Amino acid sequence: MTDAIELTHLSGDSAKILLFGAELAAWRARGVDMIWAKDPDIWDQTAPVLFPVVGWTRDGSVRVDGRTYPLALHGFAWKKRFEIAERRDDYLRLALVDDDETRALYPFAFRLEVEFRLHAGALENSLIVANIDSRPLPYACGLHPAFRWPLAGSSAPHTIIFEKEERPDVPIIGQGGLFSKPIRKTPLVGRRLPLEPQMFARDALCFLNLASHGLVFDNGEGARLSVTLEDFPHVGFWTLPPAPYLCIEPWTGHGDPEDFYGDLYEKPSMRLLAPGERARHGAIFAFEREAPVG
C-alpha cells in the first residue's frame, strides 16, 4: 500500500505528501529544504491538516443540537488516511469523506479535499470543503506547516513582515487552550514582527482578523518565504523552543473562547456551508533568494 506521494517539478523542486493526514512531509525549493526534519522526541508532525475545527475545544468536545461529541484539538483530519483523487507529476489532490468514525465525532456528511501544486520555487496548498449533508455544515479549517527556522541556514535574526499594518495584541491562550479575553502585546511594530524563540514559551501567537492577505518570513540574509492567503482571515505562529522550526498557520477559525458554552453552529469564527455548497481556502508559499553579490 502506498503511504506517500512524491511530486516533482521541471525546475527541480520536489515535495513529499503522506496519505495519512494529507501531511506535507517535505518540500525542496530552489535547492533548499523548507520543511523541518521531523523529530518525534520534540514533535512528531510536520504539517497537520486542521478540520473540522481549529484549536482547542472546551473539555475536548463540541455540542450539536443538544448532544455532545468528543471532537478535540484541531479536529480529526490529521488522524485519517486520505484517498488519491487526482495525481500528476507536479499536482496532487487527496480526499476524505465522512465515515462512522468521523460521524461519532462530528455528525455531518462532508468531503474534504487537500490540493498540492508545485510551481518553480513555490508550493500551492488548498483545502476544499464540500457539504454533502442535508443541513448546513459548520466548519473551520487550517494549514499547519512547520518551516525550518533558521530558514536557509541563516544565522541572522528572522522577521515576519505582514503585507499591511496589524494590531500588535493577540489573545492569551488560557487553561485548556481556550482563548481568554485578556490580551498580550507582541513586539510587532507596524508590519514587522521580529522573531525570538522565547516569544513562544507560553503558546502560539494568534493574529485574528488580519488586514493583510499575505506575509513574508525573512531570514535576514537575503532569503524569504512569502505566504499569500486566500480566504484565511487568521494566522498563527508556533514552535516549541528551542526546536528548529516555525509553524506558519493560516486558519479560517480558532479555538473556543473561554466564555463560550454553546452549539457548534454558534461558535465564533465557524463557517456555515449550505447543502451542496463548496468552499476553497488556500495558501501559496513561495521561496526567493537574492543572488550573491560579486
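Expected output is a single nm value to one decimal: the length gained when fully extending between R184 and I172, i.e. 0.36 nm times separation in residues minus the C-alpha distance. What is it?
Taking 0.36 nm per residue and subtracting the Cα distance, the gain is 3.7 nm.
Go through region 130-223 and name the GluC sites (Glu not before Pro) that are in a DSSP coil and have 14 or fewer other Cβ atoms within 10 Å of their Cβ.
Listed in order of number, the matching sites are E165.
Just how many pairs of Lys in the chain have C-alpha atoms closer than 26 Å, counting pairs that are eight or more places apart or on different chains?
So the count of such lysine pairs works out to 11.
Between N209 and S134, take the C-beta separation as r, use R0 = 25 Å, and let me know the FRET efficiency to the nearest 0.05. Let's see the in-between values first.
Details: r = 32 Å, r/R0 = 1.27.
Calculated value: 0.20.
Taking the Cβ-Cβ separation of K164 and L10 as r and a Förster radius of 45 Å, what is the calculated FRET efficiency to the nearest 0.05? Let's see the in-between values first.
Working: r = 34 Å, r/R0 = 0.76.
Efficiency computed from Cβ-Cβ geometry: 0.85.
What distance in nm separates the simple spin-label points at E288 and R103, each placed 7 Å from Cα in the Cβ direction?
About 4.9 nm separates the two model spin labels.
Return the calculated 222 nm mean residue ellipticity for the chain, to the nearest 500 deg cm²/dmol, obtained by summing -39500 (n - 2.57) across DSSP H runs with n ≥ 4 and dividing by the residue count. All intermediate terms of the calculation are to be shown ahead of the outcome.
Numbers: 1 runs with 4 residues, N = 294.
Only helices count here, giving 0 deg cm²/dmol.
Taking the Cβ of P168 as the centre, find all other residues whose Cβ is under 14 Å away and add up their charges (Lys, Arg: +1; Asp, Glu: -1). Write out the running numbers ahead of the final one.
Details: positive: K164, R167, R184, K185, R191, R192; negative: E165, E166, D169.
Once all neighbours under 14 Å are counted, the net charge is +3.
Kirkwood Rh over alpha-carbon pairs of region 1-73, then Stokes-Einstein at 25 °C and 0.890 mPa s: what D in µm² s⁻¹, rounded to an integer?
On the way: Rh = 14.8 Å.
Result for D is 165 µm²/s.
Averaging sequence separations of C-alpha pairs under 8 Å and six or more residues apart, then dividing by the length of the chain, give the relative contact order as a whole percent. It would help to have the intermediate numbers written out before the result.
Working: 751 pairs, mean separation 59.6, N = 294.
In percent, rounded to a whole number, it is 20.
Could you check the spin-label model distance between Y265 and H119? Points 7 Å from the Cα along Cα→Cβ, value in nm.
Result: 4.0 nm between the two label points.
Values quoted throughout were computed directly from the atomic coordinates according to the rules given, and no laboratory measurement underlies them. What you see is a predicted model, and the numbers here were worked out from it, not measured in a lab. Here Cβ is always computed from backbone atoms with ideal geometry, including for glycine, and neighbour counts include all displayed protein chains.
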